[in-house]
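Novice: Structure below; questions to follow.
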Amino acid sequence: MHLRLDEIPEEGLRVQLDMDCSWAVGAVSTALDGVVKELSGSLRVRPMASGIMVTGDASVLTEQHCDRCLATLLLRLGGDVDLYFEAGRLEGDSSINLHQDELDVGFLDDGSLDLAAALGEFFLLEAPTRLRCEDPGVTQVEKGPCELASAQPGDQPPIDPRLAALKNFQSD
Ligand SMILES: [Zn+2]
């Protein structure tokens, strides 16, 4: 869903998020690399002097896998959305005084915001880099101990063929 800065009404736009928003479901499942089971939220998109502000809240339930035992998990992510997209990087423009610590700042592509991509990125930033069965927001689908998926005994890591060649090279 692309929104042009000059086409957003002054009072802003309301965007309801649910499973019927195929653009949002598709973008979020791509960003999180997992099936989206639930999606909800409400966004407000407002035009600013030099960009677009997106506020509100968004929540998703997505199918993921434990990084330790590889079990299927349901992970719930979400929270307050507070994003700002600048129209462009203007050289030496000091009129834009952003509090970068408080806002996630992105940039518009030719005056237009890809709301689907922005939503996907929002959830990606909320997602943990490593996911374990015991993590907050996780529901186990397959019950069982969370143990490291072990390699078969006797398995040797494959030797890089380039290293194997070096092994045979011996200098006197
Ligand atoms: Zn696990």
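The values are calculated or read from the model by the stated rules, or taken from the named source; none is laboratory data. Here the structure is a predicted model, which means the values were calculated and not measured. Note that we place each Cβ from the backbone using ideal geometry, even for glycine, and neighbour counts take in every protein chain shown.
Novice: Determine the pairs where a residue that is on the phi > 0 side of the Ramachandran plot, located within the range 61-72, has a partner that is more than 7 Å from the ligand (Cβ to nearest atom) and small (G, A, S) with Cβ atoms under 6 Å apart, the partner being 6 or more residues away or on another chain.
Specialist: That search, which allows pairs on different chains as well, returns L70/A149.
Novice: Right, another one. So is Q100 within 16 Å of the ligand (Cβ to nearest atom), out of contact with any helix residue (DSSP H, G or I) (no Cβ under 6 Å at 6 or more places or on another chain) and either at pLDDT below 85 or part of a strand (DSSP E or B) (or both) or not?
Specialist: Numbers: within 16 Å of the ligand (Cβ to nearest atom): no; out of contact with any helix residue (DSSP H, G or I) (no Cβ under 6 Å at 6 or more places or on another chain): yes; either at pLDDT below 85 or part of a strand (DSSP E or B) (or both): yes.
So Q100 fails the test.
Novice: Still on this model: If a residue has to be part of a loop (DSSP other than H, G, I, E, B) and at pLDDT 85 or above to count, how many in the range 103-123 make the cut? Spell out the reasoning first.
Specialist: If we filter the range 103-123 for residues that are part of a loop (DSSP other than H, G, I, E, B), which is where we start, we get 103, 108, 110-111.
Filter once more, keeping what is at pLDDT 85 or above: 108, 110-111.
So the count comes out to 3.
Novice: Looking only at strands (runs of 3 or more DSSP E) that fall completely inside the range 1-93, which ones have 2 or more residues that are within 19 Å of A118 (Cβ to Cβ) and out of contact with any helix residue (DSSP H, G or I) (no Cβ under 9 Å at 6 or more places or on another chain)? Walk me through how you get there before you give the answer.
Specialist: On the way: elements: 2-4, 13-17, 36-48, 51-65, 72-86.
Fully inside the range 1-93 and qualifying: 13-17, 36-48, 51-65, 72-86.
Novice: Starting from residues that are in a loop (DSSP other than H, G, I, E, B) and within 11 Å of the ligand (Cβ to nearest atom), keep the ones in the range 131-140 and report whichever is surrounded by the most Cβ atoms within 10 Å (Cβ to Cβ). Walk me through how you get there before you give the answer.
Specialist: Of the range 131-140, the ones in a loop (DSSP other than H, G, I, E, B) are 131-137.
Those still in the list that are within 11 Å of the ligand (Cβ to nearest atom) too: 131-135.
Details: L131: 17, R132: 14, C133: 19, E134: 9, D135: 14.
Restricting to residues being in a loop (DSSP other than H, G, I, E, B) and within 11 Å of the ligand (Cβ to nearest atom), the top hit is C133.
Novice: Name the pairs whose Cβ atoms lie under 8 Å apart, with the first residue in the range 4-24 and on the phi > 0 side of the Ramachandran plot, the second part of a strand (DSSP E or B), and 6 or more positions between them or separate chains?
Specialist: As it stands, the answer is G12/R44; G12/V45; G12/R46; G12/P47, since those pairs meet every condition given.
Novice: Another question, then. Residue pairs, Cβ under 6 Å, 6 or more apart or interchain, first in the range 104-115 and within 20 Å of W23 (Cα to Cα), second in a loop (DSSP other than H, G, I, E, B). List them.
Specialist: Matching pairs, first to second residue: L108/A87; L115/M1.
Novice: Give the number of residues within the range 55-73 that are within 14 Å of the ligand (Cβ to nearest atom) and of a type in the set (A, V, I, L, M).
Specialist: Summing the residues that are within 14 Å of the ligand (Cβ to nearest atom) and of a type in the set (A, V, I, L, M) in the range 55-73 gives 3.
Novice: Follow-up question, since we're still on this one. If you check every pair at least six apart or on different chains, which have Cβ atoms under 6 Å apart with a residue in the range 130-148 that is under 11 Å from L70 (Cβ atoms) and charged (D, E, K, R) first and a residue that is more than 9 Å from the ligand (Cβ to nearest atom) and outside any loop (DSSP other than H, G, I, E, B) second?
Specialist: Cβ pairs passing all conditions: E142/T72.
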